[in-house]
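Student: After the structure tokens below, expect a handful of questions from me.
The values are calculated or read from the model by the stated rules, or taken from the named source; none is laboratory data. The structure presented is a predicted model; accordingly, all values stated were derived computationally and were not measured. Using ideal geometry, Cβ is built from the backbone for each residue, glycine included, and neighbour counts are taken over all protein chains shown.
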Amino acid sequence: MSAVTRRRGVNPYIEVQLAGLAIGLGTSLLLSAWGAAWIVAEAEDLERPAEQPWMMVFELLRKEYVWPGRAAVVVAVVIMLVITTAAAVGYLAYKHRDTVLIDRAVRYLAKPRDLRPFVTRGARESAARLGLPDGTVPGVYLGKTVGRETDLWGSWEDMHVDIWGPRTGKTSSRAIPNIVSAPGAVVVTSNKRDVLDATRGVRETKGQVWVFDPQGQASEPAWWYWDPLQYVGSNIVRAIKMAGRFSSINRPAHARSDAFFEPAAEDLISHLLLAASLGGRPITQVYTWLTRPNDDSAARILRDHAKHESAEAVESVLSSPELQRAGVFGVATQIMSFLVAPSMTEWVTPGSDPDRPKFDYLEFVKSNDTIYMMSEETSKAAAPLIVALTAALAEAAENESIGKPNGRLPIPMLFVLDEAANVCPWGALPDKYSHFGSRGIVMMTILQSWAQGVAAWGDTGMKKLWGAANVRVYGGGAAETDFLGAMAKMSGVFEPRTVGSSGKIGDRPSYSMGSRSETVLDESDLASMPRGRAFVMFSGSRPVLIKTVPWWTTSAAEVVKESIARFDPGKAAPDPAVLAASGVSLRK
């Protein structure tokens, strides 16, 4: 049993509530009698009572005042009934104005003093300590406390992991409001265009908007391209990292792999990436080399640029026994198969229009630009490129922060990784998560379930990601009993009173009072948590139940509506001046 259901035990506040009820009834009775005495005295021209109700009582006791008869009793009863009815109706209206069953648990969760670092004032103090300019939004918005309606924020050094089931409000309450209000560069991953349509118009007023849409999820034309080999440059270590990111989509890091062919294929890809970069070739050249096991041009390019170790590694595979060579090339070809589709390669090579702008990921991290990366769920075609670009941006931001005061970006960079397990299953994310926060790189990883994270990073990796987050948000909709049970334990305990029978003493039954520890929220409470509520766990603080705040109830509502009207297919475009003139903020 939980604090929500309370099917066993008595109300722990029953004594206080009974005392309050007694005081309220007594006061109502006194006021009713005093008012009745005045009404009857005025009507029948009798002696009037004292001007203060309590003085009338003393006068009656000292027989200095005579009660005006039965008429006053009748009037007092009527007044009492009116007061009691009005109070009951008012209480019920207040109690049920917007509450839900789970709100009963609020009294046992975080108290206002526990939430001081996360309220607006605390978040502003944290932002000032980190050196952010005055007027910067206090942090990453969470929602309002239930009851007190106090705004809560994650600071600009907190990392977030969210688990929200389907259609529970994660996009409207978490993704959109924080993308709109972010003060610096923003990176967004998504499998649907709703986030893009709702925030694109607002983000255009702050910087350039880039949409990476190789699968046409938002029908975005390829008016620009990103060259992954810019990241590789002449550095074999970066080539190895990129090859590993490509490979991780076919086989997550926690899954078992072939002991020889997969590592060998990944190693070959890294050297071919380096050769293509040094030779000024497009990344598609790597796939061409993989389809020609006898072509030694990559090795010759590496030797021409004094990369002799890499050249020897490629030559070693080329000269290996035929079956061994076929196995390595076959696995490598499978890993790089996403380069077959022209719809993919148009986004990562000059392609059909070499005069298109080239996306510079190093300059992006210094800007207020926004990039949206779109992909179908569980797609192995776009995911390798999205993982590679996301990792390159995070690494560039990390390197940029090193030379800044306190080793942090002067303006925080926000990553909203919606549907991260499917769209951007970056294998190294759990290991680097906590470090990013100290660099001014704030990440919000949004998943639909715990199992989804396990599928991407393994059980250990998911636990590591969850543990590295300073702010953990559960928005409802989960059905995994293990995960719900772990959260129930984190909700804390309370001790309801219990009444037990211990036989009879004589002819009368004997009762004893006691208490027992129960979880504040149990699995069923969390599984059935309605839309509009979220359970938030902070590092170093007690958890809290919050009321989510969808974007249409914030100060950004109008400009988001304008953006949707402008970009959502089939809707009329609004006046662009409305967006250009909008100073959008979630500051309270």
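Student: If I ask for residues that are surrounded by fewer than 21 Cβ atoms within 10 Å (Cβ to Cβ), assigned to a helix (DSSP H, G or I) and without any contact (Cβ under 8 Å) to a residue 40 or more places away in the chain, which ones from region 275-289 would you list?
Tutor: Residue satisfying the conditions is 288 alone.
Student: Given the options 494, 436, name the one that is modelled with pLDDT under 90 and buried (at least 17 other Cβ atoms within 10 Å of the Cβ).
Tutor: The match here is 494.
Student: Got at least one residue in region 396-414 being within 24 Å of the chain's Cα centre (by Cα), part of a loop (DSSP other than H, G, I, E, B) and under 24 Å from residue 163 (Cβ atoms)?
Tutor: yes
Student: With 199, 145, 189, 168 as the choices, which residue is outside the structural domain of residue 375 (by TED's automatic domain parsing), in contact (Cβ under 8 Å) with a residue 60 or more places away in the chain and touching a strand residue (DSSP E or B) at 6+ places or on another chain (Cβ under 9 Å)?
Tutor: 145
Student: Scan region 174-221 residue by residue and report those that are hydrophobic (A, V, I, L, M, F, W, C) and at pLDDT below 95.
Tutor: Once the filter is applied, which keeps residues that are hydrophobic (A, V, I, L, M, F, W, C) and at pLDDT below 95, region 174-221 yields only 218.
Student: Shifting gears a bit: State all residues of region 290-308 that are in a helix (DSSP H, G or I) and free of Cβ contacts under 8 Å to residues at least 40 places away in the same chain; if no residue qualifies, say none.
Tutor: Matches in region 290-308: 297, 298, 299, 300, 301, 302, 303, 304, 308.
Student: Assess whether residue 289 counts as being among the hydrophobic types (A, V, I, L, M, F, W, C), in contact with an Asp or Glu (Cβ under 7 Å, 6 or more places away or on another chain) and at pLDDT 95 or above.
Tutor: So residue 289 passes the test.
Student: Within region 484-491, can one find any residue that is at pLDDT below 95, out of contact with any helix residue (DSSP H, G or I) (no Cβ under 8 Å at 6 or more places or on another chain), basic (Lys, Arg) and farther than 21 Å from residue 398 by Cα?
Tutor: Yes.
Student: For the subset of region 347-394 comprising residues that are of a type in the set (Val, Ile, Thr) and either in a loop (DSSP other than H, G, I, E, B) or in the same structural domain as residue 248 (by TED's automatic domain parsing) (or both), which member is nearest to residue 420 (Cα to Cα)?
Tutor: It comes out as 378.
Student: Pick from 174, 121: which is within 29 Å of residue 406 (Cβ to Cβ) and free of Cβ contacts under 8 Å to residues at least 60 places away in the same chain?
Tutor: 121
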